[in-house]
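Here's the structure we're looking at; comments come further down.
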Amino acid sequence: MAIKILGTGAYVPEKIVTNDDLAKMVDTSDEWITQRVGIKERRVSETETAADFAVNAAKEAMANANITADELDLIIAATISAENICPTVAGTVQNRIGATCPAFDINSACSGFMFALDTAVSYIARGNIRNILVIGTERLSKLVDWDDRSTCVIFADGAGAMVIAPGEGYLASKMFTAGGDDVIKIPAFGGTSPFYTNEKPAPYIFMDGQETFKFAVNKIVNDVKEVIEKAGMTLDEIDHLVLHQANTRILDFAAKRLKISKEKIIVNIDKYGNTAAASVPIAFNELAKSGRLKRGDTVVMSAFGGGLSSGTCLIRY
Ligand code: ACO
């Protein structure tokens with residue numbers, strides 16, 4: 001069904017914040033963060049926005065795909081941390097790269113890129129589409145309470161992008177949502193209406209880490225198995241797994257419960273932390289640029305997070 005990945009790109013801001021830097025700001029340590037989460041350092045933006053990252057990731061993906069702006073028929077960006085609701089990130093990218101196609105944003109928190117990719121596949125299935133630019137981009141540093149050690153050590157900034165075109169490579173997918181705010185919640189700007197009587201929520205990420213952890217492990221294991229079955233394949237036939245970079249312990253659990261070699265799972269959380277919707281496309285770009293990914297290889301991509309939500313697909317590259 002439906003797609004071929006023509007090119008990938010990624011962008012992260014220049015500033016590196018190490019665990020030792022954070023230990024000077026909150027009561028934490030390099031040892032705790034390394035052992036419990038697997039992050040050593042992350043990128044944090046000082047001036048650039050999620051839209052700025054998206055433009056840079058998009059330009060790299062288009063150059064890699066050998067596609068010009070006028071050859072794009074749609075741009076979809078997944079984000080929860082854009083500076084503006086309007087213009088959208090996708091609209092800003094459209095303007096800055098000189099494209100004229102429709103462009104819109106999608107929000108499904110950390111699973112956002114998977115929902116964006118699945119939506120792009122549906123557009124391609126409708127026909128009359130040449131190329132779609134799909135982006136995941138986040139500036140989570142602006143949504144984090146920098147006094148809260150349980151979240152400020154985890155979340156980070158960056159973007160990843162893909163150019164896709166009609167092909168045969170989207171073998172199966174599964175999108176899932178269980179709406180609710182008790183496990184993860186990120187309030188939007190509360191407004192300044194003089195008529196509102198409701199209390200203004202703190203504008204920070206709230207996450208029940210342990211509940212998220214349980215949800216993540218179960219969803220990754222079950223959804224990965226389900227999409228592979230749907231495609232009529234077995235786990236042995238999967239060459240690479242590009243999973244949401246939220247915690248190395250989640251990736252280790254997934255490898256153990258799926259009984260697959262850890263070598264097949266891409267790990268870059270140590271360098272970039274959890275970049276939500278940008279996590280999977282940044283990791284996919286790293287795999288593609290490493291030389292390990294060959295045309296014809298099978299790749300499972302899977303992400304989970306706020307919503308609660310998860311999105312998983314199996315592709316042939
Ligand atoms: N440094 C030191 N100690 C810490 C830190 C820190 N940065 N953060 C928490 N602790 C302490 C806690 O206060 C607690 O102390 P206590 O025992 O004295 O009360 C102790 O460490 C254990 O806390 P837990 O929350 O139980 O720690 P846990 O081992 O579960 O790790 C973590 C927390 C890393 C958040 C983990 O639960 C996790 O990775 N969860 C999944 C997160 C995830 O997948 N997110 C993706 C979706 S997010 C989205 O969609 C926006």
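Each reported figure results from applying straightforward, stated rules to the coordinates on display, with no laboratory input. It should be emphasised that the depicted structure is a prediction, and the values quoted were computed from it without experimental measurement. Every residue, glycine among them, receives a Cβ derived from its backbone with ideal geometry; neighbour counts consider all protein chains shown.
Table for the structure above
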item	result
Against the rule of thumb 2.2 N^0.38 Å, how large the Cα Rg of the chain comes out	0.95
Segment 243-317-segment 130-196 distance, computed between alpha-carbon centres (Å)	16 Å
log₁₀ of I(q)/I(0) at q = 0.13 Å⁻¹ - segment 216-263, Debye sum with one point per alpha carbon	-0.26
Loop-located chymotrypsin sites (Phe, Trp or Tyr not before Pro) in segment 141-226, at most 15 other Cβ atoms within 10 Å (DSSP)	Trp146, Phe189, Phe195, Tyr196
Residues in segment 204-222 reached by a label modelled at Asp181 [backbone nitrogen below 12 Å; 7 Å Cα→Cβ]	204, 206
Förster radius 35 Å - calculated FRET efficiency between Arg96 and Val267 (Cβ-Cβ, nearest 0.05)	0.65
Under 15 Å from the Cα of Lys225 - aspartates and glutamates, other chains or at least 8 residues apart	Asp236, Glu237, Asp239
Cut-off 12 Å, label 7 Å out along Cα→Cβ of Thr234, residues of segment 299-317 by amide N	none
Most fluctuating residue given options Val17, Val280, Val300, as computed from a GNM of the chain linking Cα atoms under 10 Å	Val17
Loop-located GluC sites (Glu not before Pro) in segment 178-239 whose Cβ has at most 15 other Cβ within 10 Å (DSSP)	Glu199
Exceeding the 31 Å Cα-Cα cut-off - candidates Lys185/Lys289; Lys59/Lys256; Lys214/Lys264; Lys24/Lys262; Lys40/Lys289; Lys59/Lys230	Lys185/Lys289; Lys59/Lys256; Lys24/Lys262; Lys59/Lys230
Near-label residues of segment 23-62 by backbone N, under 16 Å of a point 7 Å along Cα→Cβ of Ala202	26-27
